[in-house]
Each structure stands twice: as C-alpha cells, then as structure tokens.
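Encoded as structure tokens, the structure appears first; notes follow it.
The values are calculated or read from the model by the stated rules, or taken from the named source; none is laboratory data. Keep in mind that this is a model prediction, so the values were computed, not measured. Here the Cβ positions follow ideal geometry from the backbone for every residue, glycine too, while neighbour counts run over all protein chains shown. Side chains included, ligands, DNA and RNA excluded: accessible areas come from the protein's heavy atoms. Shrake-Rupley method; radii C 1.70, N 1.55, O 1.52, S 1.80 Å.
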Amino acid sequence: MRYMKANDIRRMWLDFFASKGHHIETGASLIPKNDPTLLWINAGVAALKKYFDGSEIPPCRRITNAQKCIRTNDIENVGRTARHHTFFEMLGNFSIGDYFRNEVIAWAVELLTDEKWFAFPKDKLYMTYHPHDLDTKKRWIECGISEDHLIPKEDNFWEIGEGPCGPDTEIFFDRGEKYDVEGIGLKLLFEDLENDRYIEIWNIVFSQFNSVAGVKREDYKELPSKNIDTGAGLERFACVLQGTDTNFETDLFYPFIKEVEKYTGKKYSDNSMPFRVIADHLRAITFALADGESFSNEGRGYVLRRLLRRAVRFCKVLGIEKPYLYTLIPLVAKNMEDYYPYLISKQDYVARMVKTEEEKFIKTLNNGENLLMKLIEENHAITGADVFKLYDTFGFPKELTVEICHEQGIQVDLKVFEQLMEEQRQRAREARVDLQSMNRQAIDLMNCQLPSTFTYSSKQVETKVIALFKDGKKVDAIDDEGEIMLEVTNFYAESGGQTADSGTLENDNMSAKVTNVIKAPNKQHLHYLKVMYGEIKVGDIVTAKVDEYRHALIERNHSSLHLLQQALIEVLGEHINQQGSYLNEEYSHFDFNHYGKMSHEQIAEVERKVNHFIALGLKRDTLILPLEEAKKLGAKALFDDKYDDTVRVVTFGDVSKEFCGGTHVKNTADIGLFVIEYEESIAAGVRRIQARTSIGAYELLKKRENLLNQSRDLLGLGSIGDVPNKLKTLTSEKETLRKENEELKAKLAQAISDELKNSFVEKNGLQVLVKLVKDQKRDSLLKIIYGLRENKDNYLIALIGEENGGYPIVVSASPKANEKGFLAGKLVKEIAGLLGGSGGGKPDLASGAGKDISRLQEVKDLLLK
C-alpha cells in the first residue's frame, strides 16, 4: 500500500474504470437540475438519475465519476467526529443494464489489491453482505477473499420505497489495534459498533429486485435489467492511504488547518473542533457559491448562511474577530484546482461574497452571543421567543443557538420559534404579493415619477441608479434584497404573457442578481435584486447585463407564437383568435378559441407550417404607429386589451402582423426548430397548445426518441422503424390470446359447474349450494353460477373464490328464493360481514369480498340452517 495524494487517488479510480470500458462522466453542479426532490446533489448516483430512470439515454452503459456532494442533515456533528463532512467527493462506477455482480466484485478486488493500482493488503480488507445474498459471498471467495473476512449483516439491503432495490456489499479497511485499544476486534463489525478501526471505504449496490408495498422481500421479483450503483468516499480513501488519524489531517483539509494555525498562533492538536469546522465549511461554501448558489434566508442559501455563520463563530473561538474566511478561498481553489480548475476563475467573486456575509454577521455576533449567554446565565433556559429574537435581530440561525445551548447543557423548545417564523413568513408572502400586484398602497412607489427608459437591445448598458426600495418603501442603499429603478434599462419587465429578463447589475464595489422585473405604478421597470456582495446606492453607475442566452430563448418562444397563430388560422379556419398566452425560456402556451379537440393530423400540419415559416427566414420589422393606422394594416390584437394611442406592431414578412410589446428574433430562422408538446382543453370552447423551440424543442425530440429506443430494446428489435409493426403484431397476438383465455375460462367454469351440480342440498324447498372455489376470481365465479342455475328455478347459490389474498363472494337467488325472504343483496352483506369484508347488490345477484376465511362454517350455517 502506497502513500497517495487525493488528486492521485481520484485520477487512479477514473483511469481504472476507463480501462474497463467506462465513460468518465463529468461531475455535475452541486445544484440539482430539474429535480425538485433534492436540495443538493448528495450522492454520486444523484447526478445520473436521468440515465437510471430512462429519461435520457446514457453515452455509455458503463459510467464512472467523481461527484462533489453536499449533505447537511446534521451540521452540528461536523467537527466532533473523525469523518463527518458537509462537502465531500464520491467516487463511483455504475452499470446501467450492462455488467453485474461477477464483474464488479472482480474489479473491486483488482483495483484495491493489485500492485498496479491501490495495492491494499488483502488481509486488511473485510466485506459485509446480506445473509440471503450467497451469490455475493461466493463471488468474493472466488476472487480470493478469505471466508473469515466476509461478514453477513441483515441491514445490507438498499431499498427506498417502491421500485428498484437490492442487496449491497460494503468494503472495510482494518486500520489495526492502534484504533481498537480495548481489543474488541471483529465484534465492532458484526455488531455495527461506532469505531475508528474498521473504516468503510466502498459500498456496492446490486439493484436487481423490484420493491412492492405489501410483498415480502423474499418474494420480490427480479428486474429484467439489473444495475450496479457504487460509492466510495474520496476523503476516506485519502485517510487510509495517507495514514492519518482522521479525514481532517489529509491533504484535502490540512492545508487550511495549517493556515489557520499560522494566522491564530494556536495549535490544532490543542482544540481540533474549531479548525475542523472552518476547514469543512469553507470547502462547502466555496464550491456551492462557485456553482451559482448565494446566501439567503431560504433553501440552499439558508444552508450556506448557516455554514458560514457557524464557521465565523468558531473563528471567534480561536480569537479571530474580523472577516477572515474570505482570505482562505484562493487556498481552497488552489488545493482543488487539479480536478476543478473553474474554481480559480471564480475565487475573487466567491471571496467577495464571503467577505460581505462575514461583515454582516460579525456586526451582530458579539451582541447576539452576549445576549444568549446572559439569558442562559439568568434563566438557565431559552424560550422559543428568545431563539426568534436572536434570529430576527442578530442573524443567529436557530441551529447555531441550539448548538451553543447544548454546549451549555440547556434544552431548547422550538415550537414557539416555528410559530413565530411562520407568522413572519406569512407577512413576507403577503408583502410580496401586495407589492408585485400593486394592490397595496405603496406610497413611495406611487409617488415616484422619475423617468426611466427601456431599450429593446439586450446588450449590456452603463446606467445610473435613480431609486431604491425595500418592500415598496424608498431607501438610499441596499446590501441584501430590494427593488431598483434605473435611468436606462435593458431588462424586459413581465407583461403581455412574456416572462421578465434576468441578469446582473455590477460595478467595482458591488454585484447583484436581477431575479425579476415588473412595471411600477408609473410604468417604470422595477427590478428585484439580490446583492451578492457590496452595497448599491442611489446615484451609483452600474453595468446592466441581461442573461443573453436566456433572453434569446425567450425571444424564440415568443416569435414562434406569432407564427403559430397564423398556422392555426390556415389549418383550422379564420375563426381562430388568441385568448391568451404565456412564455418563458423553456416553453410557451398559446390559448385560442376552437370548437373541438384537434386531430393528430391537424397538430402535425400546424407544426409543419410553423417550421416552414421558420425555414423561410422571414425578417422581423417593428413599426410604431397610431392605433387606428395599425388596425388598418390588419394587425392582430387581443381585442379585450386596452391599447395606447400609439402602438408597436411586429411583422414577419407577409405571414404575421401583430400588436406586441414583447421581444423577438430578428429573423424567423433564428428560432431554429418548433415542436408542439401537447394540445388540450382549458375551458369551454378554448384550447391550449404548449410548444418548445430551439434547444428546448431538440431536448423534447430527444426525450421522445429515447422512449422509442427503449421500446425498440424492450421489443428486441434492431430499428425504431420496426416498432409499429411489432406493436401491431403483439396487439393482434394479445387479442387472440385474450379470446383463447376467455374460451378456456368459460370451459373451466362450465367444468366446475358440472362438477358442483351434484352438490346442491335441499333446504326450505330450495336447492342450496355454498362452496369455496379455490383460485377463482369474481368474473369466473359469475360464469360458474350461470352454469349452475341452468334448468333450475328454485336455487340459492353462494360461491367464495380467492384473489390477491382476498375472497370474492357472489350470491345468486331465484325468484322463488326471493319469495321465501332470501335476497342476494342482503345475504352477500351478511356473508361478507362474517368474512371481514363488505358487499351488496340486487335481490337476484350480488357480490362482495371478504378478508378472512376462518368463519366459512358460519357462512354455510347461515344458508343451510
């Protein structure tokens, strides 16, 4: 076993699996894309979910990666333990329906023990496996692992709800008796005791079963396509290969710890926790900010604020009273540059954001902490109201207050805090709604008459800040969130169904994100901004930069709707009028009046026509005309809208002329591609088309293509073109089999009927039959009853079957039985009640279901008494 730096470990892992035919997948951003179920990317497989769920076809069915991850479910433990982190890297190798158990275990042994690779001593490795997964045990032995190094563990099974699941095998490295002073040995593994001797370095999941609620695990069916999902912590590998006591002494953390030692003059060995917290949180903050997140009071931004403020508090423990963490950002970027070179270009921006956040918190940290300690000293308790005051006034995250209280042995009741927080959130929600809708009388906004000009060019402009607001109230400066008016702006404000532009405002001292733009009461463009660092003041000169890529996507979607309206008129008729629209950078909606659902052929023809207009390369012209003159041109308009005396008309050749204040492409060819996603009804006589253009249209077509490819593979075909004929053949075969099955069921029912005809008992002048018929469903019981009552006019029949763990019941009573008081609907309720179920129906025929057959004799007594 050789000493290896973390960069070399990562590279060796990727090189090994590349040599086994794996595609090296570039690590994804920490911020999940199109996955609202995740706050952060928190595992290696999380970034590959699109391949495993079939939404995208992978570039290769064998994939390896090194994925940066953040987990923050128990931040307060970071620094207290040897291996707990918020930010970490997960090394992985994955098979999507390709190789399985035999290959991955053989490769694991090769990678870990071969002298060419990591060269771990084989006798230092231990593997756990699920007791029922004897195939895994056998394969480890075949690959040279001694049986006494294989440990069965019941919890070695990966399962999260319904869906793919399977056993897993964990690989541990034995660091020796130095980390087991009590000499407990393998009992640490067998009993899963917390320890520093046996370190888990790799977990391999065999995704081979389909989990179904209510089904015993041993009865799970095997998946037709089995997958492999593995994860190995880079920090743990580094700890083992560098021979350090904990992960924090590896080259992934220790350079930062040494720098803090140098700055403070204090020793890591004397009090390790502050150093560990700073080193860990610093890495998480740097990567998250570089990936595009920012500090805030919600979601991911709140997590980052918690991390930074916890790190600042531990800086104070080490005697650091001024902003300091930001000075370490370049060190993080340099340390991680080998695999994450983009950090270098982001380091100054990240450092400025961190410095601004530090400055905000340090202003109130001392006062807040002094108040907290005073409350603890005086009351020996902290109320929920105290926690809220510390958060609202001093910026203390509740988790930081709780952590400090726990250090002092004080418990905290957070119920009142959560109630006060919810009241504050509700006030904020109401304020936002009121402000954006202008329903609230925001006097400062209403009175603001300052001129502001909008330019349709999306190119950056130098402009002046003419007014600033916080929740509609005028202010002189903003260092967090607020609203801004500019002398000249290139940001489109949401209107006419078109979403607003986004982008940034910057100068040498400040950077802010523009997250939304609306029109203020006096029509100026009001920009919602979030300051990333620095402060913005009235009178500042700033560079306004629109996100031009997003802006271009919005333009393409908007222009396509103008072409769509003309295509609809040509295909469906002159009665078509626009009833509304909405568009953003991803998709567009177009609502129109029409009397019925469009046929597939009509949708295809409309789509073809729009793409034809695009291919014509029609030049856009924009005219500013008096309203009446514009009407004479034949320009289309939403006639329930009110227009100024002067209007803007957008034309594309002779195809389209519309009143429109939105942004558009210069030429229809710029749209690229147009695809209709669906057509639906949204109201009586009103239809809606959702469409996509450009890259969005391409992605939609690829998604459809992926579905076709999956269908081709499942059908065992060589070409997508063969799918329709194969489906026709299968549908025909299915119908033939269905008919044959019905015939066989009828014959079986008749056979059972013939067999039971001699089982009737004479009771009360009626022919009575009560019978449990195993393995028969309700529809089969009905067929059997129809056969039993042929040529009989005085019958009373009750049949009980079996279906999916339940007991279907069918009762049939002849008119003569009804005359004697035997009604099928009433009887089935009584029978089902005895069997723990329910039922009902008509006097001559009724059905139900039971859950427990143990009282069958009572059912017989009921009818045969």
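Structure notes:
- Subset of segment 411-429 (residues that are open to solvent by 20 Å² or more (accessible area, probe 1.4 Å) and modelled with pLDDT of 80 or more): Gln411, Val412, Leu414, Lys415, Val416, Glu418, Gln419, Leu420, Glu422, Glu423
- A single entry from Glu369, Glu321, Glu378 fulfils the requirement of being more than 16 Å from Tyr533 (Cβ to Cβ), assigned to a loop (DSSP other than H, G, I, E, B) and either charged (D, E, K, R) or touching a Ser or Thr at 6+ places or on another chain (Cβ under 7 Å) (or both): Glu321.
- Selection within segment 16-42 - surrounded by fewer than 18 Cβ atoms within 10 Å (Cβ to Cβ) and touching a Cys at 6+ places or on another chain (Cβ under 9 Å): Gly21, His23
- Single match in Asp348, Asp392 (criterion: within 19 Å of Tyr302 (Cβ to Cβ) and either in a helix (DSSP H, G or I) or without any contact (Cβ under 8 Å) to a residue 12 or more places away in the chain (or both)): Asp392
- For segment 244-253, taking the residues that are in contact (Cβ under 8 Å) with a residue 24 or more places away in the chain and assigned to a helix (DSSP H, G or I), the one that is surrounded by the fewest Cβ atoms within 10 Å (Cβ to Cβ) is identified as Phe248.
- Residue match in segment 488-499 (condition: under 30 Å from Glu601 (Cα atoms) and either over 31 Å from the mean Cα position of the chain (by Cα) or assigned to a strand (DSSP E or B) (or both)): yes
- Residues that are touching a helix residue (DSSP H, G or I) at 6+ places or on another chain (Cβ under 9 Å) and of a type in the set (D, E, K, R) within segment 222-232 comprise Lys226, Asp229, listed in sequence order.
- Pick from segment 326-341, criterion aromatic (Phe, Trp, Tyr) and either touching a Gly at 6+ places or on another chain (Cβ under 6 Å) or not in a helix (DSSP H, G or I) (or both), ranking: surrounded by the most Cβ atoms within 10 Å (Cβ to Cβ): Tyr340
- Single residue of Phe287, Phe295 found to be touching a helix residue (DSSP H, G or I) at 6+ places or on another chain (Cβ under 9 Å), in a loop (DSSP other than H, G, I, E, B), buried (at least 20 other Cβ atoms within 10 Å of the Cβ) and in contact (Cβ under 8 Å) with a residue 60 or more places away in the chain: Phe295
- Odd one out for Phe639, checked against (1) under 24 Å from Thr499 (Cα atoms); (2) crowded, with 16+ Cβ neighbours inside 10 Å; (3) modelled with pLDDT under 95; (4) not charged (D, E, K, R): (2)
- Checked against the criterion of being within 26 Å of Leu638 (Cβ to Cβ) and either touching a strand residue (DSSP E or B) at 6+ places or on another chain (Cβ under 8 Å) or open to solvent by 60 Å² or more (accessible area, probe 1.4 Å) (or both), the candidates Ile541, Ile518, Ile484 yield just one match: Ile518.
- Across segment 186-231, the qualifying residues are those that are open to solvent by 30 Å² or more (accessible area, probe 1.4 Å), of a type in the set (A, V, I, L, M) and within 23 Å of the chain's Cα centre (by Cα), and the one among them that is modelled with the lowest pLDDT is Ala213.
- Apart from one condition, Leu450 fits all of (1) within 32 Å of the chain's Cα centre (by Cα); (2) open to solvent by 60 Å² or more (accessible area, probe 1.4 Å); (3) not charged (D, E, K, R); the exception is (1).
- Across segment 112-164, the qualifying residues are those that are at pLDDT 95 or above and among the small types (Gly, Ala, Ser), and the one among them that is least open to solvent (accessible area, probe 1.4 Å) is Ala119.
- Strands (runs of 3 or more DSSP E) completely within segment 115-232 that count 1 or more residues being without any contact (Cβ under 8 Å) to a residue 40 or more places away in the chain: 150-152, 163-174, 198-211
- Scoring Tyr263 on the criteria (1) crowded, with 16+ Cβ neighbours inside 10 Å; (2) touching a residue at least 12 places away in the same chain (Cβ under 8 Å); (3) in a helix (DSSP H, G or I) leaves a single failure, condition (1).
- Segment 516-571, subset assigned to a strand (DSSP E or B) and among the basic types (Lys, Arg), residue nearest to Lys459 (Cα to Cα): Lys545
- For segment 461-481, the condition holds for no residue, the condition being that it is in a loop (DSSP other than H, G, I, E, B), farther than 23 Å from Ser294 by Cα, at pLDDT 95 or above and not acidic (Asp, Glu).
- Residue in segment 233-243 that is in contact with a helix residue (DSSP H, G or I) (Cβ under 7 Å, 6 or more places away or on another chain) and small (Gly, Ala, Ser) present: yes
- Residue pairs meeting the criteria (Cβ under 7 Å; at least 6 apart or on separate chains; first on the phi < 0 side of the Ramachandran plot, in segment 600-624; second open to solvent by 80 Å² or more (accessible area, probe 1.4 Å) and assigned to a helix (DSSP H, G or I)): Lys609/Glu570
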